[in-house]
Amino acid sequence: MKTPRFAIWVLAALAVNAGYLAAFAHATLFYVANVFLHIALGAALAIWALAALRRFPFEAGIIVLSAIPAAYLIARGNTSDHRAILIAHIAIAAAALIVVIARSRADRLLLFAAFLMFILLPASAGIYRRLHPDPADRIENPATAPLSMNDEGAGEHSPFAPSSAQTTTGKIIPANFFLDSAQCGECHRD
């Protein structure tokens, strides 16, 4: 049977979107918009799959199976303590994409291209970051330890003294910049 074009296009868009999310995980507005797009596309595909279970039991079944860990991550948060569930979601979703490619009569090229983006975007971004690390991501300690606490960081007149912590501006960080620990703990229990 031929999988409907709607499902093919949504699955292809979802695969490319997932590749982008894995490759460029930076807290930007565009990234967050893609997270919401991923959830919307995934929900649309899962709804189609539930409705199409009788007509396409294998293809729709594995898509529904990949939606289960996704729903858990949406409900509980995609935090590091749920990393195994994220990996299960990715593995099942990749298997679903492979199954649909193998069983699809038409649009194989589109799906295969989307699968390549799903694999190559994160792989190439990871290789690039390994070969060209961002110097701002590296913390360098001084060659020698300070002789007194007054020589730590920006010195004894620093708003963070005696800590060696510094801001890029040399000024304090406004308290309203930070959330209280209870708010942070909603997403980041660890």
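Which pairs have Cβ atoms under 6 Å, sit 6 or more apart or on different chains, and link a residue in segment 6-27 that is among the small types (Gly, Ala, Ser) to one that is open to solvent by less than 20 Å² (accessible area, probe 1.4 Å) and assigned to a helix (DSSP H, G or I)?
Filtered contacts from segment 6-27: Ala12/Leu111; Ala12/Ala114; Ala15/Leu97; Ala15/Ala114; Ala23/Ala125.
Going through Val100, Val64 one at a time, which residue ends up being among the β-branched types (Val, Ile, Thr), within 15 Å of Ala12 (Cβ to Cβ) and over 12 Å from the mean Cα position of the chain (by Cα)?
Details: Val64 fails: within 15 Å of Ala12 (Cβ to Cβ).
After applying the criteria, what remains is Val100.
Which ones in segment 40-54 are in a helix (DSSP H, G or I) and exposed (fewer than 14 other Cβ atoms within 10 Å of the Cβ)? Give the derivation first.
Let us first name the residues in segment 40-54 that are in a helix (DSSP H, G or I), namely 40-51.
Listed by number, the residues that qualify are Ala40, Ile47, Leu50, Ala51.
Scan segment 138-149 and give yes if some residue there is among the β-branched types (Val, Ile, Thr), open to solvent by 50 Å² or more (accessible area, probe 1.4 Å), assigned to a loop (DSSP other than H, G, I, E, B) and farther than 20 Å from Tyr20 by Cβ, otherwise no. So that I can check it myself, show each step before the final result.
Taking segment 138-149 first, the residues among the β-branched types (Val, Ile, Thr) are 139, 144.
This time we only want the ones that are open to solvent by 50 Å² or more (accessible area, probe 1.4 Å), so: 139, 144.
This time we only want the ones that are assigned to a loop (DSSP other than H, G, I, E, B), so: 139, 144.
If we keep only those that are farther than 20 Å from Tyr20 by Cβ as well, we get 139, 144.
Yes: segment 138-149 contains one or more residues that are among the β-branched types (Val, Ile, Thr), open to solvent by 50 Å² or more (accessible area, probe 1.4 Å), assigned to a loop (DSSP other than H, G, I, E, B) and farther than 20 Å from Tyr20 by Cβ.
Just for segment 75-128: of the residues that are of a type outside the set (Ser, Thr, Tyr) and outside any helix (DSSP H, G or I), which one is surrounded by the fewest Cβ atoms within 10 Å (Cβ to Cβ)?
Start the filter on segment 75-128 by keeping residues that are of a type outside the set (Ser, Thr, Tyr), which leaves 75-78, 81-103, 105-123, 125-127.
In the following step, the residues that additionally are outside any helix (DSSP H, G or I) were identified as 77-78, 105-107.
Details: Gly77: 14, Asn78: 15, Arg105: 8, Ala106: 11, Asp107: 19.
Applying the filter and picking the extreme gives Arg105.
Restricting to segment 72-106, count the residues that are under 20 Å from Cys187 (Cα atoms) and either among the acidic types (Asp, Glu) or in contact (Cβ under 8 Å) with a residue 24 or more places away in the chain (or both).
5
Give me the pairs, please: first residue somewhere in segment 116-134 and over 18 Å from Ala91 (Cβ atoms), second residue anywhere and open to solvent by 80 Å² or more (accessible area, probe 1.4 Å) and small (Gly, Ala, Ser), beta-carbon distance under 7 Å, and either six or more positions apart or on two chains.
Once the first residue is over 18 Å from Ala91 (Cβ atoms) and sits in segment 116-134, no partner that is open to solvent by 80 Å² or more (accessible area, probe 1.4 Å) and small (Gly, Ala, Ser) comes close enough.
Identify, by number, the condition in (1) surrounded by 14 or more Cβ atoms within 10 Å (Cβ to Cβ); (2) over 23 Å from Ala7 (Cβ atoms) that Gly61 doesn't meet.
(2)
Are any residues in segment 70-128 modelled with pLDDT under 90 and either basic (Lys, Arg) or touching a strand residue (DSSP E or B) at 6+ places or on another chain (Cβ under 8 Å) (or both), and if so, which ones?
If the condition is that a residue be modelled with pLDDT under 90 and either basic (Lys, Arg) or touching a strand residue (DSSP E or B) at 6+ places or on another chain (Cβ under 8 Å) (or both), then Arg103, Arg105, Arg108 are the ones that fit.
The values are calculated or read from the model by the stated rules, or taken from the named source; none is laboratory data. The shown structure was predicted, so the numbers you read here are calculated from the model rather than taken from an experiment. Every residue, glycine as well, gets a Cβ built from its backbone with ideal geometry; the counts of neighbours run over all protein chains shown. Heads up: the accessible areas ignore ligands, DNA and RNA and are worked out on the full protein's heavy atoms, side chains in. Shrake-Rupley method; radii C 1.70, N 1.55, O 1.52, S 1.80 Å.
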